[in-house]
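Only one structure is covered here, and it is reproduced in the block below.
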Amino acid sequence: MYKTKKGINAQVVAEISAYKQEPQWMRKFRLSSFKLFLKKRMPSWGPSLEDLDFNDIFYYLKPTKHVVGDWKKLPKSILDTYEKIGVPEMEKKFLSGVSAQYESDVVYKSVQKTLTEKGVIFVDMDTAVQKYPDLVKKYISSVVSPADNKFAALNSAVWSGGSFIYVPKNVHVDLPLQAYFRINAERLGQFERTLIVADEGSFLHYIEGCTAPIYSTRSLHSAVVEIIVKKGARLRYSTVQNWSTNVYNLVTKRARVEESGVMEWVDGNLGSAVTMKYPSMYLVGAHGRGEIYSVAYAGKGQVQDVGGKVYHLAPDTSSRIISKSICEHGGRASYRGIVRMKKGMKNVSSHVVCDALLLDEKSRSDTYPTMDISGNECRMEHEASVSRVNEEQLLYLMSRGIPREEAITLVINGFIEPIVKELPLEYAVELNRLIGYQIHGH
Amino acid sequence: MENTVITTLTSSQVLHISVNTPGEKTFIYWVQTVSDITLDVSFDFKYPDTHANIYFLIHAKKNARVTLSTRQNHVTSKITSSVFVRSVLDDYGMLFFHGVVFIDKGLHDVVGNQRSDVLTLSSQTSVMVKPYLEICSHDVKSSHATTVGTIPNEILLYMKSRGIFERVAKNMYAKGFLTHDLPVIADKLLSTKGEKKECMVE
């Protein structure tokens, strides 16, 4: 096991790069990003990040020597963790490939032979830098610049692990690819960097799942995800995040969508102390389409600050954002979003729905949408609501012999159904089960 | 139109309205401008059993930039309030609307809504809308909705086919858009502000 010293400085950044034996251009990229990280301020809006101490975190921890392609070759403690979560079993049943990241590095990676034969590249980012430097150089930071925000700069400086996927022209990946992220160590920062390029006419569904055990100290998960959807391609990116409640989950996710491309973000946020996540889309080609579906649960001591951003930069583009949140036991959920329509773009439309359920008097829900529209050939619709569980619905269900607790779960499942139905069946069942577990504790 | 207050706003203002009596209230603010105007209007609802509907009817032309901030402060239970912002933007008209509904802790039977609808008549207009909800109680309802759009071509075509000039048709549509559920107010605004000179119907 290899670990850098606690805290961050230019030496730590250089040490990570040297340990990974990276080319000079990546070392420069990291160091210049670190300078930006020092310059950038913490967000002046959103939840408090006061407890986050950048010098009380380990920035790199390598759990195993190599990436393996066989679960049995993993150390027993790591294998046990993944077996408990059921990843190897899911891989057999319905996945095209799996990447498992434990602490800072990917420890397991497999992809179906048929996909490799079609030219699909699915490797961890560290391998991609070594094996496909031209592709990585071309696309890295093309959608998320290190100057985007403080956490994007931090990730660019100390990133480790994550996935690199390239889907060639007109290749349709029928079964999803999955990445699984686990933080097991205390006071650890996980900074994976994911880069996906869906070439013209291709299709891919990528799923990521995240968990961590509970510690009393803070951990940081600060990922960057960059996606390029080329002409006529379609990409769906699904996340079910169930970090433990000591984790700061501050993630930057952006996609560039070219002509007639389709990008879909499906986002389930259950765990973490604080989540700040606003998947974004730049619709740069005509007839591009973007959709964001997100559901968030905020329980005791949790802040879920989530939403989405869509920039309509080309004519005939359309977008849809559906966001649902549930708060209880003093949790706070906020929707924060932007829809921007550039001047002169014809036939542009967007529809935004953000609804919140408050389950008790201690909790809080906020919505902070921004709509910035220029010109008159665009259509924008936005609606939001905050309310409690409908007593009439509960009464109806209870009059049919359903206990109150179960009736509440049913109403909540119905409330989040527009999001859940976008997930593969196995994940949809799991998400419903997890939310039921969070609310009733069993 | 009892309990209805109509105010024509012609210059930048900060207004703090404290609603201290129960019952139905209607506030209508009429803004027609060709120059920049900034309005900051907050409402404190302090008395239970208050039902307030607040309308901002805005027509911005030429280079006018209308900046409107509203705040509905709910600090007492059993209150319903709604803010409706209807704007017609022409030429280079701009609207910046920032609305907040705040419902304090421990309240019940509170409904706070805000709705903004923007009709754009020119391709050079700009709109920025930030309708925020800050809800700290669970036994309440709150919502906001926003639409931005222009006059559908088929409607214009229909009106033109009935012999109405395009400009007149647009203005008729815009007037209906602003005052469709406030007919009495529409007439009042016309008569009080000098017949057709002040209205949008040419």
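List of remarks:
- Lysines with Cα under 28 Å of B:K175, excluding same-chain neighbours fewer than 8 positions away: A:K342, A:K343, A:K346, B:K25, B:K61, B:K62, B:K130, B:K160, B:K188, B:K193, B:K196, B:K197
- The stretch A:159-186 and the stretch B:89-162 have Cα centres lying 40 Å from one another.
- With 22 Å as the limit on Cα-Cα distance, the pairs of A:K28/A:K150; A:K62/A:K137; A:K35/A:K137; A:K6/A:K150; A:K28/A:K231; A:K20/A:K138 that go past it are A:K62/A:K137; A:K28/A:K231.
- Candidates A:L115, A:L177, A:L431: whichever shows maximal mean-square fluctuation once chain A is modelled as a Gaussian network with Cα springs under 10 Å: A:L115
- For the stretch A:363-402 versus the stretch A:299-344, the spacing of their alpha-carbon centroids is 13 Å.
- Remark: the Cα gyration tensor places chain B in the prolate category, a/c being 1.5 or greater and a/b exceeding b/c.
- Karplus-derived 3J(HN,Hα) values for the stretch A:373-381, using 6.51 cos²θ - 1.76 cosθ + 1.60 with θ = phi - 60°, are 10, 10, x, 10, 10, 10, 10, 10, 10 Hz; glycine and proline are entered as x.
- Working from Cα pairs under 8 Å separated by at least six residues, relative contact order for chain B is 14 percent.
- Global form of the stretch A:391-442, assessed from the alpha-carbon gyration tensor, a/c cut-off 1.5: prolate
- A:S294 long-range amide H proximity, modeled H, under 5 Å: A:D267, A:I322, A:S323, A:K324
- Within the same chain, aspartates and glutamates fewer than 8 places from B:K141 are excluded, and of the rest, those with a Cα less than 12 Å from its Cα are A:D355, B:D109.
- Rounded to two decimals, the Cα-based Rg/Rh of chain A, with Kirkwood Rh, is 0.96.
- At most 12 other Cβ within 10 Å, DSSP loop - GluC sites (Glu not before Pro), the stretch A:35-137: A:E50
Values quoted throughout were computed directly from the atomic coordinates according to the rules given, and no laboratory measurement underlies them. Just so we're clear, the structure is a prediction, and the values are computed from it rather than from any experiment. We place every Cβ from the backbone using ideal geometry, glycine too, and count neighbours over all the protein chains shown.
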